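Here the structure comes first, spelled out in structure tokens, and everything after it is commentary.
Every number here is computed from the coordinates shown, using simple stated rules; none is lab data. In this text, all values refer to a predicted model and were calculated from it rather than measured experimentally. In this analysis, Cβ positions are derived from the backbone assuming ideal geometry, glycine residues included, and neighbour counts consider all displayed protein chains.
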Amino acid sequence: MIFNFKVSGTEDEIVQFERELLEILTRITDDQDMVAHEIHFCIHEAILNILQHSYHWKKDIPIDIKLIVTGSAEKKDKVLEIQIKDNGPAIKAPLEPPEKIDRFQMRKRGIYMISKIMDEFNIHYDGKSGNITYMKKKLSGFDDQILNVSV
């Protein structure tokens with residue numbers, strides 16, 4: 001399955017997109033609400049970074065978002081790939097999230113959190129006209145990730 005979206009930076013358009021996005025994420029994660037909300041957070045944070053750092057809050061420049069779902073829950077190989085294309089100035093080098101952040105660090109918290117939630121994450125110049133934010137998340141095998149906590 002492939003889902004394509006084009007949004008501008010207006011609040012109404014982003015909210016409308018994010019409502020639809022959360023519905024799609026809930027379906028493709030097989031009602032794993034926490035996983036759907038974590039992925040939603042990552043996409044939201046990536047869009048805000050584009051608006052702030054690439055577009056300098058110009059709300060009329062489009063952002064292209066593509067969700068690609070492959071595999072199946074039955075085969076336990078279901079994967080979500082996310083590509084967010086901006087039309088901002090080329091980043092000079094691929095952006096790497098920090099390995100750790102300080103308790104009260106003000107910058108790079110969002111990309112740090114994305115890197116911890118997603119299985120793969122990078123931002124790079126597309127070689128033509130903008131940058132690609134790429135994220136990948138395995139959507140199968142969550143049962144293996146359940147933590148047993150004793151009180």
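Just tell me the longest site-free run in the chain, where the sites are trypsin sites (Lys or Arg not before Pro) in a DSSP loop having at most 15 other beta-carbon atoms within 10 Å.
Of all site-free stretches, the longest is 1-57.
Kirkwood Rh, the stretch 52-98, all Cα pairs: how many Å?
13.5
Considering the alpha-carbon set of the stretch 1-77 alone, what are its Rg and its Dmax in angstrom?
Over the stretch 1-77's Cα set, Rg and Dmax evaluate to 13.7, 44 Å.
With only alpha-carbon pairs counted, each pair once and no self-pairs, how large is the Kirkwood hydrodynamic radius of the chain in angstroms?
Result for the chain stands at 16.3 Å.
Using alpha carbons only, how many angstrom separate the centre of the stretch 1-44 from the centre of the stretch 54-88?
10
Taking residue 92 as the anchor, which aspartates and glutamates have their alpha carbon closer than 15 Å to its alpha carbon, excluding any fewer than eight residues away along the same chain?
Residue 92 reaches 126.
Using 26 Å as the Cα-Cα cut-off, could you pick out the over-long pairs in 6/136; 100/137; 108/138; 66/100?
66/100
Relative to the longest principal axis of the chain, what angle (0 to 90°, nearest 10) does the C-alpha long axis of helix 33-49 take?
10
Rounded to a whole number of µm²/s, how large is the Stokes-Einstein D of the stretch 14-57 at 37 °C and 0.692 mPa s, given Rh as the Kirkwood radius over C-alpha pairs?
301
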